[in-house]
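Q: Below you'll find the structure I mean.
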Amino acid sequence: MDATVATEMLLEVRNCRQAYHKDAATDLVVLDDVALTLKSGEIVALLGRSGSGKSTLLRIVAGLLKPTAGDVIWRGRPVDGPADGVAMVFQSFALFPWLTVQENVELGLEALGVPRDERERRAEGAIDLIGLGGFESAYPKELSGGMRQRVGLARALVVHPDLLLMDEPFSALDVLTAETLRTDLIDLWSEGKLPLKSVLMVTHNIEEAVLMADRILVFSSNPGRVASELAVPFAHPRNRLDPAFRQMVDDIYALMTRRPVKDHRVAAPVAAAAAPTPLPPVGTNLMAGLLETLAAPPYSGHADLPALAGTLQLELDDLFPLGEALQLLGFAVLEEGDIRLTDAGRTFADADTDDRKQQFAQALRAHVPLVAQIRRVLDERENHRASAVRFRDELEDHMSPEYAAETMRVAISWGRYAELFSYDQEAEQFSLEDIA
Amino acid sequence: MPSSTFPSLAASRRLPNAWDLVAIVCVFAALMSVAHVARGTWVPLSAPDATAVSLDPSNLPNYAVRTTMRMFAALVASLLFTFTYATAAAKSRRAGLVMVPVLDILQSVPILGFLTFTVVFFMNLFPGQVLGLELAAIFAIFTSQAWNMAFSMYQSLTTVPRDLEEASYSFHLSAWQRFWRLEVPFAMPGLVWNTMMSMSGGWFFVVASEAISVGDNTWSLPGIGSYVALALQKSDIRAVFYAIATMLLVILAYDQLLFRPLVAWSAKFRFETTAGATADDPWMLKLIRRTRLLGALGDAVAGLFNRVSGLRMSLARPKPEAMRKPPSRAVDVVFYAATAAAIALALWEIVSFVSASLTWSDLGTAVLLGSFTMIRVIVLMIVATLIWVPIGVWLGLRPVWARRAQPLAQFLAAFPANLLFPPFVLFIVYFHLNTDIWLTPLMVLGTQWYILFNVIAGAAAFPGDLREAAANFRIGGLLWWRKVIIPGIMSYYVTGAITASGGSWNAAIVAEVASWGDTHLAAHGLGAYIADATSAGDMHKVVLGVVVMSAYVIMFNRVLWRPLYAYASRRLTLA
C-alpha cells in the first residue's frame, strides 16, 4: 500500500437488491438494500454464512449477474456485463483442463488481443511472481489444489486488473496450503508487487478476513444484508496470536451469534408458528458429538466459539449451523460468541441411545413445527401415509426451492433418527411402518 | 405402529385402485397382441394371408404390433447374448483374448449386407414356414443391438469397484450370487442406456428387414416395413404417409412407456456417493409405482427373482484372483493352438469361397466404390457437424431449451429414417436431380440426431464456473469456440459422431439405391454395389462388398475416431 498515492473511488454499489421470482409466492430476496464502496489501495472482505448472498454480490460486481434493482458503478460507469479491469479468482479454481498452465494464464490476454510475444512475456512474469515457475507446460490435472489456485491467481493478475475479486479462494484447500497462499499474497500486496488497485474477497472464515482485509463487511442471512462494517486497524504482516487480533476475532463471533432483532410489526406471538424457517443441514451424529464434547471437561457445559472451532477444526460454516440446530431444539444457547448447554442438552448427553431418541423426538415435536406437522398428519390418516410432495410445496411458499428441498432432507433425517416416522425415498412417502 | 396390527388396513392397500383399471387394460391388450402374432408365426408360408401385405390403412395397427413384437423378441435374444457372452469374455482370460476383438469387429460390420445369408440360413432351418422368415428378421435386429450391449456389459464387468469385489469375496458370495448382487446392478445404468440406444437403432433394421428379396424370390413379412416397400412399388404416396404416422405413434409409445421409465429407474443403480440432481419420475414410472395390483405383481416377480438370484449355485467357496492357482501352461498351449487352427480354417474357407468366382478387378471395383461412399460419409459428417454443433451448444447452454430439445432429439434418433426416404425420392425423381449428390443426405437422415443430442448433453454438462471464468476474462467469438466450448464438448461430440458415422455406412446400403414404382435410382457407391448384388442373388459379390465395407468402417474407426476419442478422454475431460 503506497500512502502517497491519493485514494480514488473505484467501485460503488447502491441500494442493491437481488430477488428471485417464484410463481404465485412472494419474491425470494437474496440481497436486500446492500451498499458498498471500494477505494484504491484497500482489501475489503465480505464475511458471512453460506446463503447470505455475499457470493451473489461478488458476481454482481463482476458483471456476471444483473441485480434486480440498484446501481453498480465501476470507475464512474454503470456495470452492464463483465467490465474492463476486473478479474476474478474462483473457489473451484475454474481452470480449463485442456489448457496448460501457460495457456490458461495467457487466455485472458488472448481475449484482449495482446500480441503473442507480449502475451508469453507477461504470462511468464505472472507465473514466476506467483511461484509457479517450472510448471508452465503442466496441465491442471497434474497439479495439487494449492498449485491450481496459484494458476487461478496468475491468470487473474496477468491481465493487470484494477480490481481483483476472490470468491472464497482458499476454502477448497487444506489448512496449511491455504495459510501459505494467504501470506504469499499479502506479502506481494504489501510490497506493491501486485498490479492491482484493490481487492474484494468473499469468505466465511473470520480469521482469514481479519488476517487479510482492511475493511470487513459482515453479512446477515435471509435476506442478505450488510449487518455491520468494521475497519481492521492492524498493519501487515499481522500476527494471529496478538491479543488485539484475537479480541477482534472474538468480537466478530459475538456479532455473528447475536440473535436477530425481532421485527416488531409482526410480533404477535400467535403467528410465531406460521412461517416455517429453513432447518440447518446438520446430522444427528454431529449434534450428539458436540453435546457430548460440551458436557465433558474442560468445557463442562460452556465454550467460547472461536476456541471450540479451533479445537474441533470446524469452520464457521460447519460450527454455526450446528450451534443453531442445538439452539433450535433447545439443547444449547448461543450468546455473544459463546455456546452454553441447557438442562435438556445435559440430560441428552448423559442418556443412552434409546433415551436420546425419545428426548430428541420430544424436542422435535416441541420446537420443529414441520416435523410435528408430518407426524400429526400421519396419525390422523387412516392408512398412516402421506406424500412428501405436499409438505415441500408448502415450504416453497416461504423459501427458495433449494432451501425447501434441503429443509425436507433435514426434517426426514431428524424424524427418522427420532423414530417419529419412516420414509420411502422412491415413493416420496412418509409412513408409520416399522415405527413402534 | 406396525402395520401388521391392522390387517384390514394392510389388506386394503392391496385392493385395486383407479390406476389399476388403466394397467389391466394395458396388460390384457399386450397379452392379446402377443397371442395374435404368435398364431401368425406358426403357419406355413403357403397358407393364404401368411405373407400377404395390403395397403389398406386399417391393417396398420396390426402391422405395427407385429413390427414391435419382432423388436422385443430381438431384445430378449440380445439380453441373453449380453449376459452370457460378455460375462464369459470378462471372466475368462483366454476367452476374452478372442471374444473381445471379435465383438469389436462385429460392431463395425454393416448388418444390412448380411440379410441375404441369414434369410437363406433360417429358411433352410424351417423350410416352408413363416417362422424362418421371422427369425431372419429378428436376427437382423439382434445383430444391430447385441454388440454394443455386450460391450457395455463387458466394460462394466471389468471396472467393478475393487472394494465391492473384495467385500463380496470376504462375505463368501458365490459366483452366481456375486453376478446378480454386484455385477449386474453395477452394469445396469450403462446397459439400460445402451439397450435403449440399440432399440432406437433397431427400428431402422426391423423396417429394412421385413421385405427381403434374394435373387428371384421376394418375401415380405406383415409389418410396417413391408407396407412401405409395397407402397413404394405401387407408387402410393398416401400409404407412405399413413405408415410414417403409424410409426410416429409407435415410437412415441415406446419412448413414453418404456424408454423413459427404464432410464429413470436405472438411475438408482448409479454408482455415486453424492446424490446428483434427479429429474422427476416420468409419468409411466409413477403409474407403475402407484398401481396397487401391478405393484403387487411386481413385488411377486421381484421376490421370485431375488430368491433365484440368491441361490448359491456353487459348491466351493470362490477365491479371489490372487489366491487362485496360476493358470496352467499346458492348457494355454492347447487353447492357442486350437484358436490358430480355427483361424486358419476360417481364412481358407473365405478365400476359397470368394476366389471361386471373383477376380482382382472385382476387388478393385469394390474398393473404388467404397472410396465414393467414404467421401459421402466424410462430407455428411462435416455438414452435420457444422449444422448441429452450434445448435446443440446453443440449446445445451440454456437449461430450459435443453430439457425440451433433448427428448425430441432422442425421439428423432429412434424414428426409422428409411420411412422418410420415399418423399425424398419423389423429390429427386420430380426434379431430375443428380442421384450421386441428392441421394447422399438420406444416409445421415436418421443418424445426425446422435450428434445433436450428445452435443446438447455436453454443453448442458459444461461447468458453470468455467463459463463464468470465460465471461470474466471476456473471452468471446472464435477464441471462445476454440479454447472454451469445443474442447469442453469434444468427448460428447466424438461419442455421437462415432454412432452417426457408423450408422451412415450402414444406411448407405439402403440409401444409395431407391425406387419409386418403376423408376430406379442409384448412386455410385459400395452401398449400391451390395444392394445390387443382393437383388441379383450374387452371394460372392455380397460377401466381397460387406468385407470391403467392414474394412473401411474399421479403418475409419482406427484412424480417426479411436485416436480422437482417446485424446478427448485423456485431455479434454472435466473430471
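The values are calculated or read from the model by the stated rules, or taken from the named source; none is laboratory data. None of these values were measured; they are calculated from a predicted model. Quick reminder, even Gly has a Cβ in these numbers, built from the backbone with ideal geometry, and neighbours come from all protein chains shown.
Q: Is it the case that the stretch A:281-294 has a residue that's outside the structural domain of A:LEU241 (by TED's automatic domain parsing), in contact (Cβ under 8 Å) with a residue 40 or more places away in the chain, of a type outside the set (A, V, I, L, M) and not in a helix (DSSP H, G or I)?
A: Checked the stretch A:281-294: at least one residue is outside the structural domain of A:LEU241 (by TED's automatic domain parsing), in contact (Cβ under 8 Å) with a residue 40 or more places away in the chain, of a type outside the set (A, V, I, L, M) and not in a helix (DSSP H, G or I).
Q: Further, regarding this structure: Return the residue satisfying two criteria in turn: it lies in the stretch B:466-513 and is of a type outside the set (A, V, I, L, M, F, W, C) and closer than 18 Å to B:MET555 by Cβ, and of such residues it is farthest from the other protein chains (Cβ to nearest Cβ). If you could, list the steps in order and put the result at the bottom.
A: Applying the first criterion (of a type outside the set (A, V, I, L, M, F, W, C)) to the stretch B:466-513 yields B:467-468, B:472, B:474, B:476-477, B:482-483, B:487-488, B:491-493, B:495-496, B:499, B:501-504, B:506, B:512.
Retained after the next criterion (residues that are closer than 18 Å to B:MET555 by Cβ): B:499, B:501-504, B:506.
Values: B:THR499: 23, B:SER501: 23, B:GLY502: 26, B:GLY503: 28, B:SER504: 28, B:ASN506: 32 Å.
By that ranking, first place goes to B:ASN506.
Q: Only one of A:ASP318, A:ASP352 is more than 29 Å from A:ALA404 (Cα to Cα), out of contact with any Asp or Glu (no Cβ under 7 Å at 6 or more places or on another chain) and surrounded by fewer than 17 Cβ atoms within 10 Å (Cβ to Cβ). Can you tell me which?
A: Answer to the selection: A:ASP352.
Q: Still on this structure, I have one more. Within the group A:GLU336, A:GLU292, which residue is touching a helix residue (DSSP H, G or I) at 6+ places or on another chain (Cβ under 7 Å) and at positive phi? It would help to see each step written out before you state the result.
A: Numbers: A:GLU292 fails: at positive phi.
From the options A:GLU336, A:GLU292, the qualifying one is A:GLU336.
Q: Kindly provide the set of residues from the stretch A:302-330 that are at pLDDT below 85, in contact with a His (Cβ under 9 Å, 6 or more places away or on another chain) and in a loop (DSSP other than H, G, I, E, B), ordered by number.
A: Scanning the stretch A:302-330 gives a single hit, A:GLU315.
This table checks each residue for (1) touching a His at 6+ places or on another chain (Cβ under 7 Å); (2) free of Cβ contacts under 8 Å to residues at least 40 places away in the same chain; (3) farther than 30 Å from A:LEU64 by Cβ; (4) hydrophobic (A, V, I, L, M, F, W, C).
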{"position": "B:ARG467", "(1), (2), (3), (4)": "no, no, no, no"}
{"position": "B:ALA470", "(1), (2), (3), (4)": "no, yes, no, yes"}
{"position": "B:ILE485", "(1), (2), (3), (4)": "no, no, no, yes"}
{"position": "B:TYR492", "(1), (2), (3), (4)": "no, yes, no, no"}
{"position": "B:GLY503", "(1), (2), (3), (4)": "no, no, yes, no"}
{"position": "B:ALA531", "(1), (2), (3), (4)": "no, yes, yes, yes"}
{"position": "B:GLY545", "(1), (2), (3), (4)": "no, no, yes, no"}
{"position": "B:MET549", "(1), (2), (3), (4)": "no, no, yes, yes"}
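Q: I'd like the full set of residues that are surrounded by fewer than 22 Cβ atoms within 10 Å (Cβ to Cβ) and within 14 Å of another protein chain (Cβ to nearest Cβ), limited to the stretch B:453-465.
A: B:ALA461, B:PHE462, B:PRO463, B:GLY464, B:ASP465
Q: Further question on the same structure: Specify the residue that is nearest to the other protein chains (Cβ to nearest Cβ); the eligible residues are those in the stretch A:55-97 that are β-branched (Val, Ile, Thr) and more than 23 Å from the chain's Cα centre (by Cα).
A: So the first thing to find is which residues in the stretch A:55-97 are β-branched (Val, Ile, Thr), and the list is A:56, A:60-61, A:68, A:72-73, A:79, A:86, A:89.
So of that shortlist, the ones also more than 23 Å from the chain's Cα centre (by Cα) come out as A:73, A:79.
Details: A:ILE73: 19, A:VAL79: 12 Å.
Here the residue is A:VAL79.
Q: Since A:THR4 meets every condition but one in (1) modelled with pLDDT of 90 or more; (2) among the β-branched types (Val, Ile, Thr); (3) outside any strand (DSSP E or B), which condition does it not meet?
A: (1)
Q: Cβ-Cβ under 7 Å, sequence separation 6+ or interchain: first residue in the stretch B:371-397 and at negative phi, partner of a type in the set (Ser, Thr, Tyr). Which pairs?
A: The qualifying pairs are B:MET374/B:TYR552; B:ARG376/B:THR440; B:VAL377/B:SER501; B:VAL377/B:SER504; B:LEU380/B:THR440; B:LEU380/B:SER504; B:MET381/B:SER501; B:VAL389/B:TYR493.
Q: I'm checking my understanding of the structure. Among residues of the stretch A:362-403 that are surrounded by fewer than 16 Cβ atoms within 10 Å (Cβ to Cβ) and in contact (Cβ under 8 Å) with a residue 60 or more places away in the chain, which one is nearest to the other protein chains (Cβ to nearest Cβ)?
A: A:PRO401
Q: Another one. Considering only residues that are of a type in the set (Val, Ile, Thr) and part of a loop (DSSP other than H, G, I, E, B), look in the stretch A:107-162 and name the one that is nearest to the other protein chains (Cβ to nearest Cβ). Write out each step before concluding.
A: So in the stretch A:107-162, the residues of a type in the set (Val, Ile, Thr) come out as A:114, A:127, A:130, A:151, A:158-159.
Still in the running and part of a loop (DSSP other than H, G, I, E, B): A:114, A:130, A:158-159.
On the way: A:VAL114: 12, A:ILE130: 17, A:VAL158: 10, A:VAL159: 7 Å.
Per the criteria, the residue is A:VAL159.
Q: If we keep just the residues of the stretch A:404-427 that are in a loop (DSSP other than H, G, I, E, B), modelled with pLDDT of 85 or more and within 13 Å of chain B (Cβ to nearest Cβ), which is nearest to A:ARG381 (Cα to Cα)?
A: Filtering the stretch A:404-427 for residues that are in a loop (DSSP other than H, G, I, E, B), modelled with pLDDT of 85 or more and within 13 Å of chain B (Cβ to nearest Cβ), the one nearest to A:ARG381 (Cα to Cα) comes out as A:PHE421.
Q: Identify all residues within the stretch A:340-383 that are of a type in the set (A, V, I, L, M, F, W, C), assigned to a helix (DSSP H, G or I) and out of contact with any Lys or Arg (no Cβ under 8 Å at 6 or more places or on another chain); write none if there are none.
A: A:ALA344, A:ALA349, A:PHE360, A:ALA361, A:ALA363, A:LEU364, A:ALA366, A:LEU370, A:ILE374, A:VAL377
Q: Give me the residue from the stretch B:519-529 that is farther than 18 Å from B:SER371 by Cα and touching a residue at least 12 places away in the same chain (Cβ under 8 Å) and, out of that set, farthest from the chain's Cα centre (by Cα).
A: Step by step, filter the stretch B:519-529, then rank; the result is B:THR519.
Q: Of all strands (runs of 3 or more DSSP E) completely enclosed by the stretch A:26-93, which ones contain at least 1 residues that are surrounded by fewer than 17 Cβ atoms within 10 Å (Cβ to Cβ)?
A: A:28-39, A:69-74
Q: Here is a follow-up. Of the residues B:TRP180, B:TRP219, B:TRP203, B:TRP193, which single one is more than 21 Å from the chain's Cα centre (by Cα) and part of a helix (DSSP H, G or I)?
A: Only one candidate passes the filter, namely B:TRP180.
Q: Another question, then. Looking at the stretch A:333-345, is at least one residue buried (at least 18 other Cβ atoms within 10 Å of the Cβ), at pLDDT 90 or above and of a type in the set (D, E, K, R)?
A: There is no residue in the stretch A:333-345 that is buried (at least 18 other Cβ atoms within 10 Å of the Cβ), at pLDDT 90 or above and of a type in the set (D, E, K, R).
Q: OK, next. Output the residues belonging to the stretch A:169-196 that are under 18 Å from A:GLN91 (Cβ atoms), modelled with pLDDT of 90 or more and assigned to a loop (DSSP other than H, G, I, E, B).
A: A:PRO169, A:PHE170
Q: Next question, about the same structure. Could you list, in sequence order, all residues of the stretch B:420-444 that are under 23 Å from the mean Cα position of the chain (by Cα) and surrounded by 20 or more Cβ atoms within 10 Å (Cβ to Cβ)?
A: Just the residues of the stretch B:420-444 that are under 23 Å from the mean Cα position of the chain (by Cα), to begin with: B:420-421, B:440-444.
Matches in the stretch B:420-444: B:PHE421, B:THR440, B:LEU442, B:MET443, B:VAL444.
Q: For the list (1) on the phi > 0 side of the Ramachandran plot; (2) among the charged types (D, E, K, R); (3) in contact with a Ser or Thr (Cβ under 6 Å, 6 or more places away or on another chain), I need the number of the one condition that B:ASP465 fails.
A: (1)
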